[in-house]
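Take a look at the structure below.
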Amino acid sequence: MNFPAELKYTKDHEWIRVEGDEAVVGITDFAQRELGDIVFVDINTVGEEIAANEVFGTIEAVKTVSDLFLPVTATILAVNEAIDASPELVNSDPYGEGWIVRIKLNNAADVDALLSAEQYKEEINA
C-alpha cells in the first residue's frame, strides 16, 4: 500500500493535502481497498461549512455505503468532477486524480493534529 509522506491522515481513513489556505481531501489506499470497487460518490455539502470529524458525503462501493468525514473544520468548495464521471478513479488513483473534495480551511494549523504517514500505518497495522 501507498502512504505519501506529504499527506496527513485520519483514523477514519481520509487524507488531506494542504495547498495554501485550501486543501484537497480523499480516502486512503487502505480505505479504497477495504471498500472494493467504488461506484458512486455523493457529496451534497458544497458551499457548507462542516466541522472536523463530521460527515460531508458518502461513498458507495459494490458491497457497501460509507460516510466520508472531514478531517478539519472547513467549507466545501468543490467536488472533483472527474470522479462524478469515473468514480473508479478513487480506486485506481486515490492520492491523485481520485481526490474527492476541495476545501477552504478555517484554520490551517488544525492539520498539524492529524496523523503522519507513519502514525497512520501504525493505526492500520500496515
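The values are calculated or read from the model by the stated rules, or taken from the named source; none is laboratory data. All values reported here derive from a predicted model rather than from experimental measurement. Using ideal geometry, Cβ is built from the backbone for each residue, glycine included, and neighbour counts are taken over all protein chains shown.
Looking only at the stretch 82-96, count every residue that is among the acidic types (D, E) and at pLDDT below 95 and tell me the total.
Qualifying residue count for the region: 2.
If we only count helices (runs of 4 or more DSSP H) wholly inside the stretch 19-123, which ones have 2 or more residues that are in contact with a Phe, Trp or Tyr (Cβ under 9 Å, 6 or more places away or on another chain), surrounded by 14 or more Cβ atoms within 10 Å (Cβ to Cβ) and touching a residue at least 60 places away in the same chain (Cβ under 8 Å)?
So the answer is 29-35, 117-123.
Output yes when any residue across the stretch 40-50 is over 17 Å from D12 (Cα atoms) and touching a Pro at 6+ places or on another chain (Cβ under 6 Å), and no when none is.
yes
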